[in-house]
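Have a look at the structure below, then the notes.
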Amino acid sequence: MCSSDLVSAGKLSSEAETSQGDLDAPDSVVPTPSATPVQETRSISDTGLEAAPAVSDPLMGIKTLAPGPVGTRGDRLRNTLLPGSFLGRLLDHQDAAASRAIALNAILASFGLLPAVDLPADDEATVSHLEGRGLSVLRVRGATLDELRTLNHPVMLSLRSERNRLRSVALRHLDNDSALLFGVTDHDSLQVPIIEIEHQWDGDALIVWETFEQLPDYLSLGESGQSVIWLQHALAELGLYAGALSGFFDDLTQASVRRLQADTLLDPSGTVGPRTQMVLYSKLPRYHGPRLLERRGAG
């Protein structure tokens, strides 16, 4: 069983950092036509552009040829920008340290934690800080927005400005058309169209989650114990397992895990790693926490 794909609760290794974008590894997300890497395919239908005139939403960043409505200078500016340029220019005007600080504190606040006092300067220090506050971090590379929707937990994204400067921002809400970001500006949050993120994001992310149960990093066929009983009970709650709570990870348990993984676009390896654990916590109503797909204003 390969463990180089993930960074699990309380453990970040250099080996894991080199391979976390490998979608063929256990517990990874299976690429689908709707979850292709954003650098390769950008579907217009995903942005909602086909359903409305280009001039109806200036934030979409569409260069329109038709006369637009009279508005503010900012509205007219956004109407003339290509997709991604509006977000890219805002990031150019944002200080890197301020962006990281705002993003980190937005993540902490979503878990009900106090703001950071000593602000980290890079991703390594950010991970250490979050883990020191009792949270877990999964570092991924080459991820897609569909993968983030599947895992459904707050995320710190590395976005590139128009001048190719990296900025860390917090992603707190994500739907089919827009995303809610913290750290793009110094003034509260910013709702941006999905197409803006697709143009400025290379797929690097820190997914922040809470491990409610004391589970091992991986659970697989042949293992036994209380963690397997919890897994079987969780799968039964979701209607995926009808066997006994034996505490033994048998073929029936593995088949149920694979069904869950296939239903949620995870690689159906049958091994329960951080990604599968995150999906379970997200789907089980008895576990409460910040979610990307929750209603705006909740949490």
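Could you say whether any residue in the range 162-170 is crowded, with 20+ Cβ neighbours inside 10 Å, modelled with pLDDT of 95 or more, of a type in the set (S, T, N, Q) and in a helix (DSSP H, G or I)? Checked against the condition, which is being crowded, with 20+ Cβ neighbours inside 10 Å, modelled with pLDDT of 95 or more, of a type in the set (S, T, N, Q) and in a helix (DSSP H, G or I), the range 162-170 yields no hits at all. The residue list 135, 114, 130, 108 contains one member that is surrounded by fewer than 14 Cβ atoms within 10 Å (Cβ to Cβ), farther than 18 Å from residue 201 by Cβ, at pLDDT 95 or above and hydrophobic (A, V, I, L, M, F, W, C), which is 114. Of all residue pairs spaced 6 or more apart or on separate chains, those with beta-carbon atoms under 8 Å, a first member in the range 109-127 that is touching a residue at least 60 places away in the same chain (Cβ under 8 Å) and a second member that is part of a loop (DSSP other than H, G, I, E, B) and among the aliphatic types (A, V, I, L, M) are 111/135; 124/12; 127/7; 127/12. If I ask for residues that are within 24 Å of residue 29 (Cα to Cα) and either in a helix (DSSP H, G or I) or in contact with a Ser or Thr (Cβ under 6 Å, 6 or more places away or on another chain) (or both), which ones from the range 182-215 would you list? Residues satisfying the conditions are 193, 194, 195, 196, 197, 198, 199, 200, 204, 209, 211, 215. Listed by first and then second residue, the pairs with beta-carbon distance under 7 Å, at least 6 apart or on different chains, first residue in the range 224-251 and within 17 Å of residue 286 (Cβ to Cβ), second among the polar types (S, T, N, Q) and part of a loop (DSSP other than H, G, I, E, B), form an empty list.
Sub-8 Å Cβ pairs linking a first residue in the range 200-219 that is within 22 Å of residue 146 (Cα to Cα) and open to solvent by less than 50 Å² (accessible area, probe 1.4 Å) to a second residue that is assigned to a loop (DSSP other than H, G, I, E, B) and of a type in the set (Phe, Trp, Tyr), at least 6 apart or interchain, are 208/111, ordered by first then second residue.
Looking across the range 245-276, the residues that are under 18 Å from residue 139 (Cα atoms) and either assigned to a loop (DSSP other than H, G, I, E, B) or open to solvent by 10 Å² or more (accessible area, probe 1.4 Å) (or both) come down to 267, 273. Can you find a residue in the range 237-255 that is within 25 Å of residue 113 (Cα to Cα) and in contact with a His (Cβ under 7 Å, 6 or more places away or on another chain)? Scanning the range 237-255, I find no residue that is within 25 Å of residue 113 (Cα to Cα) and in contact with a His (Cβ under 7 Å, 6 or more places away or on another chain), so the answer is no.
The values are calculated or read from the model by the stated rules, or taken from the named source; none is laboratory data. Keep in mind that what you see is a predicted model, and the values were worked out from it rather than measured. Neighbour counts run over all protein chains shown; Cβ positions are idealised from the backbone, glycine included. Accessible surface is based on the protein model in full, side chains and every heavy atom, while ligands, DNA and RNA are left aside. Shrake-Rupley method; radii C 1.70, N 1.55, O 1.52, S 1.80 Å.
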